[in-house]
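Scroll down for the structure; my scribbles are underneath it.
The values are calculated or read from the model by the stated rules, or taken from the named source; none is laboratory data. A quick note: this is a predicted structure, and the numbers were derived from the prediction, not measured. All Cβ positions, even for glycine, are placed from backbone atoms using ideal geometry, and neighbour counts span all protein chains on display. The area values use the complete protein model at the heavy-atom level, side chains included, leaving out ligands, DNA and RNA. Shrake-Rupley method; radii C 1.70, N 1.55, O 1.52, S 1.80 Å.
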Amino acid sequence: MVQIKANFAVTHRRQLIIGGTLLMLSLICVAMTILFLYVNANADRRVEEIRAQYRTISDRREARVAELTGQLSTLQHKLDSFTAREESQKRHAEAQRQAEETR
């Protein structure tokens, strides 16, 4: 007959405890990986939403800048024509004054 030694049973118990501990650690790693992927997917989705919002805001800002640029060019054109007219009137008045002085 084969005799089972007492320390043989202790060795198996120790191996089962180590195996169970390693199994639990690997399950924790799997759970954390799944949790990381879920959180990462949510974060990516939120980042895309924020980018879309900023893209919309940027488009509105660019449209407003284009509108203001058009208004500014119109005002600049009016100011230039007003300044030219004013200078022309000054030259005309100066010429009339000189003509009266020479008489």
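The C-alpha atoms of the chain define a longest principal axis, and helix 6-102 lies at about 0 degrees to it.
For the chain, the residue among Leu79, Ile34, Leu22 whose Cα projects farthest onto the positive side of the dipole built from Cβ charges is Leu22. Positive contributions from Lys and Arg (+1) and negative ones from Asp and Glu (-1), summed over other residues with Cβ under 13 Å from the Cβ of Thr69, come out at 0. With K and R counted +1 and D and E -1, the other residues having a Cβ less than 15 Å from that of Ala93 yield a net charge of -1.
For the stretch 10-61, report the accessible area per residue in Å² (1.4 Å probe, heavy atoms, rounded to an integer). All intermediate terms of the calculation are to be shown ahead of the outcome.
Working: 4760 Å² over 52 residues.
Value for the stretch 10-61: 92 Å² per residue.
Distance distribution P(r), the chain, all Cα-Cα pairs, bin width 5 angstrom from 0: 2, 9, 6, 7, 5, 5, 6, 5, 5, 4, 5, 4, 4, 4, 4, 3, 3, 3, 3, 3, 2, 2, 2, 1, 1, 1, 1, 1, 0, 0, 0 percent.
Carbon-plus-sulfur accessible fraction, the chain (probe radius 1.4 Å, protein heavy atoms only): 63%.
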